[in-house]
1. Do we have Gly109 as farther than 19 Å from Ala186 by Cα and without any contact (Cβ under 8 Å) to a residue 60 or more places away in the chain here?
2. Could you say whether any residue in the stretch 222-238 is in a helix (DSSP H, G or I), modelled with pLDDT of 95 or more and either surrounded by fewer than 18 Cβ atoms within 10 Å (Cβ to Cβ) or at negative phi (or both)?
3. Just to be sure I understand, how many residues within the stretch 77-105 are surrounded by 11 or more Cβ atoms within 10 Å (Cβ to Cβ), β-branched (Val, Ile, Thr) and within 30 Å of Met395 (Cα to Cα)?
4. Can you tell me which residue within the stretch 1-31, out of those that are of a type in the set (D, E, K, R) and under 30 Å from Glu266 (Cβ atoms), is surrounded by the fewest Cβ atoms within 10 Å (Cβ to Cβ)?
5. For the stretch 82-116, give me each residue that is assigned to a strand (DSSP E or B) and in contact with a helix residue (DSSP H, G or I) (Cβ under 7 Å, 6 or more places away or on another chain).
6. Within the stretch 45-65, take every residue that is over 17 Å from Asp173 (Cβ atoms) and out of contact with any Pro (no Cβ under 6 Å at 6 or more places or on another chain) and give me the one that is most open to solvent (accessible area, probe 1.4 Å).
7. What do you reckon, is Ala33 part of a helix (DSSP H, G or I), over 24 Å from Lys126 (Cβ atoms) and within 24 Å of the chain's Cα centre (by Cα)?
8. Please report, ordered by residue number, the helices (runs of 4 or more DSSP H) entirely within the stretch 260-370 with at least 2 residues that are within 29 Å of Gln83 (Cβ to Cβ) and touching a residue at least 24 places away in the same chain (Cβ under 8 Å).
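The values are calculated or read from the model by the stated rules, or taken from the named source; none is laboratory data. Keep in mind the model is a prediction, meaning the values are calculated, not measured. For neighbour counting, all protein chains shown are included, and Cβ atoms are generated from backbone atoms with ideal geometry for every residue, glycine included. Accessible surface areas use protein heavy atoms only, side chains included; no ligands, DNA or RNA. Shrake-Rupley method; radii C 1.70, N 1.55, O 1.52, S 1.80 Å.
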Amino acid sequence: MIRNLKSGKTVEVKAEIDAQVRQTVEGIIAAIAERGDQAVREFSQRFDDWNPASFRLSQADIDACIATLSPQVIRDIEFAQEQIRHFAQIQKDALRDVEVETLPGVILGHKNIPVDSVGCYIPGGKYPLVASAHMSVLTAKVAGVRRVIAAAPPFGGKPSPAIVAAMHMAGADEIYCVGGVQAIAAMAIGTEQIAGVDMIVGPGNAYVAEAKRQLFGRVGIDLLAGPTETLIIADDTCDVELAVADLLGQAEHGVNSPAILLTNCEQLARDTPAEIERQLAKLPTAAIAGAAWRDYGEIILCDTYEELVSEGDRIASEHVQVMTRDPDYFLKNMRNYGGLFLGQRTNVSYGDKVIGTNHTLPTKKSARFTGGLWVGKFIKTCTYQRILTDEASLMIGEYCSRLCALEGFAGHQEQADIRVRRYAK
């Protein structure tokens, strides 16, 4: 039996919040579509108190940011980018063009073609999320994208030196210091100063995710990566201190970040609330993590591994951390998750920052139908066909003619019939 020992905000309250976000984003996008850079400046001033002479950073600006960082910081960024580049290249190498003769004289194939231009959003208003630059810019470059631009909000009243360094080291062709919905809309729609792109990628808060949702179709997007979600699946082999550290470690992303403990160990479930309070008392980001746990935290108690899998798939969390006696059981049986973290030796933070997998992952149950950002998201798999002989075109044409007639498509049928008449001679 599945029992909720602690619940977060109701579905109705969440829907009301989503509606407010949706309305705000609609207004910002409409203003930028109508007034371009002027509107971008107005929103940047209002939301970030930021109105520079140019949102685009010059090479001198970039060099000045890098110069403020210690050699250790540069080496750490280089190490993380090496891991992410290496795994992205492995993924790319798994993709291959194909061409095959499926019938005598009939050639079918596909080519993997990178998107021409991509805009990468790197969150940085609350925390300077350096890792998001690796995950988006670097991965796009490995995929072969020709033009990669990157935008991040100011941090502490200026461009974040570490984010700028990471963008530059990852290979960004243009770097902008502008944040939020205004950055997403400017890159997607294009303004007088920012040429639009074909695709927008990167995580963000609820407003950024909603902007991507509303702009999808005008541009491509990677996925809807909104407020961070984490799900801990644990049994009696996991101690409460470790489980809570991993819950709060993701809850600190934002006050609306869901953190859920799913367990078949009643003792762990009962001990968790007190341990949450103990760890919050010494956590520097307790104000954020505590609010997230209060409003979006959940404790769900199950009886069996089968129920843990069923409930985990229902939740379809962005991050699923498995700390059980047999983590491979969940690797084998779970179907809905953004990223899976198996065993107590790993954790979501490793994936977020350095281990090599991409940290831009699906949220709000979209793990039911998509995976996370990876090199393949930047690549279009486009098919082509070729017929080599009259006999092959005649044979395919006869089938096609009858099938078009079945559907009542006279024009389609004539496309087939004209070839049948010619090649039957």
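1. Answer is no for this residue.
2. Here is the first cut: in the stretch 222-238, the residues in a helix (DSSP H, G or I) are none.
No - not one qualifying residue is present in the stretch 222-238.
3. 1
4. Taking the stretch 1-31 and keeping what is of a type in the set (D, E, K, R), we get 3, 6, 9, 12, 14, 16, 18, 22, 26.
Filter once more, keeping what is under 30 Å from Glu266 (Cβ atoms): 3, 6, 9, 12, 14.
Numbers: Arg3: 11, Lys6: 17, Lys9: 15, Glu12: 8, Lys14: 16.
Checked the stretch 1-31; the qualifying residue surrounded by the fewest Cβ atoms within 10 Å (Cβ to Cβ) is Glu12.
5. First, pick out the residues of the stretch 82-116 that are assigned to a strand (DSSP E or B): 98-103, 106-114.
Once the filter is applied, which keeps residues that are assigned to a strand (DSSP E or B) and in contact with a helix residue (DSSP H, G or I) (Cβ under 7 Å, 6 or more places away or on another chain), the stretch 82-116 yields Leu103, Val106, Pro114.
6. Keep residues of the stretch 45-65 that are over 17 Å from Asp173 (Cβ atoms), which gives 45-53, 64.
In the following step, the residues that additionally are out of contact with any Pro (no Cβ under 6 Å at 6 or more places or on another chain) were identified as 45-47, 49, 51-53, 64.
Working: Gln45: 78, Arg46: 163, Phe47: 101, Asp49: 116, Asn51: 84, Pro52: 25, Ala53: 101, Ala64: 57 Å².
If we take residues in the stretch 45-65 being over 17 Å from Asp173 (Cβ atoms) and out of contact with any Pro (no Cβ under 6 Å at 6 or more places or on another chain), then Arg46 is most open to solvent (accessible area, probe 1.4 Å).
7. Values: part of a helix (DSSP H, G or I): yes; over 24 Å from Lys126 (Cβ atoms): yes; within 24 Å of the chain's Cα centre (by Cα): no.
Spelling it out, it is not the case that Ala33 is part of a helix (DSSP H, G or I), over 24 Å from Lys126 (Cβ atoms) and within 24 Å of the chain's Cα centre (by Cα).
8. Passing ranges, in order: 286-296, 305-315, 327-333, 348-353.
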